[in-house]
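Encoded as structure tokens, the structure appears first; notes follow it.
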Amino acid sequence: MFSGKTEELIRRLNRARIAKLNVGIFKPAMETRYSRDCVVSHDNSSVDSIPVHCATEIPELCGDCDVVGVDEVQFFDSGIIEVVRGMANQGKRVILAGLDMDFEGNPFEPVPQLMAISEHVTKVHAICMKCGDLAGFSLRLNLAKERVMLGEKDSYEARCRHCFHVNP
């Protein structure tokens with residue numbers, strides 16, 4: 001979290017629009033922290049989006065889009081893998097943003113599979129809130145155990161490997 005994933009997604013989708021490409025933007029309907037109908041970054045950049053309950057809705061809604069963006073891809077079930085593969089095989093540029101690890105530092109499915117079938121992967125890092133190094137982990141600040149828990153700065157802190165595992 002706090003690495004600029006959504007900000008980078010918005011930047012890439014805006015560049016596609018500048019190139020006069022038809023862009024479709026989707027997010028899980030459960031993601032309502034900042035807006036129900038927009039993808040919003042932590043720095044308040046935003047772009048209109050279509051909330052979907054299931055990944056299989058995306059191909060029906062993206063129609064003639066040249067570029068398809070999906071935010072918070074970790075919140076979809078494994079069905080997103082075939083959806084993304086199908087759109088890419090149709091010649092659509094598919095740009096995804098999501099966490100690759102959960103709050104326990106374990107791979108956050110289905111992101112590892114999506115990374116494996118991608119032509120390009122950009123891993124962005126936050127800054128460790130404890131020591132200032134590059135951070136790739138999200139430390140949950142409460143004792144909740146469910147894997148999916150929406151939250152912001154009050155619920156999570158970015159941590160480097162050392163501060164996440166050795167010095168929490």
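Applied to region 41-47, the Karplus parametrisation 6.51 cos²θ - 1.76 cosθ + 1.60 on θ = phi - 60° returns per-residue 3J(HN,Hα) values of 8, 5, 8, 6, 5, 8, 8 Hz, with x for Gly and Pro.
Stretching Ile18 away from Ser35 to a fully extended chain increases their span by 3.7 nm, per 0.36 nm per residue minus the current alpha-carbon distance. Per residue, the chain reaches -7000 deg cm²/dmol at 222 nm when only DSSP H runs of four or more residues are counted, each adding -39500 (n - 2.57). In degrees between 0 and 90, to the nearest 10, how far off the longest principal axis of the chain does helix 79-89 point, with axes built from Cα atoms? Helix 79-89 sits at roughly 50 degrees to that axis.
Rounded to the nearest 10 degrees, the angle from helix 5-18 to the longest Cα principal axis of the chain is 20 degrees. Summing charges over neighbours of Val166, with a neighbour being any other residue whose Cβ is under 11 Å away from its Cβ, gives +3 when K and R count +1 and D and E count -1. Each label point was placed 7 Å from the Cα along the Cα-to-Cβ direction; for Leu141 and Thr56 their separation is 3.9 nm.
Computed from backbone phi, the HN-Hα couplings of region 49-65 come to 9, 10, x, 10, 8, 9, 4, 5, 6, 4, x, 5, 8, 8, x, 8, 5 Hz, rounded to whole numbers (Karplus: 6.51 cos²θ - 1.76 cosθ + 1.60, θ = phi - 60°; Gly and Pro given as x).
Only the coordinates and a few stated rules stand behind these numbers; no lab work does. Owing to the predicted nature of the structure, the values given are computational and were not obtained by experimental measurement. Glycine also receives a Cβ, built like all others from the backbone with ideal geometry; neighbour counts cover every protein chain displayed.
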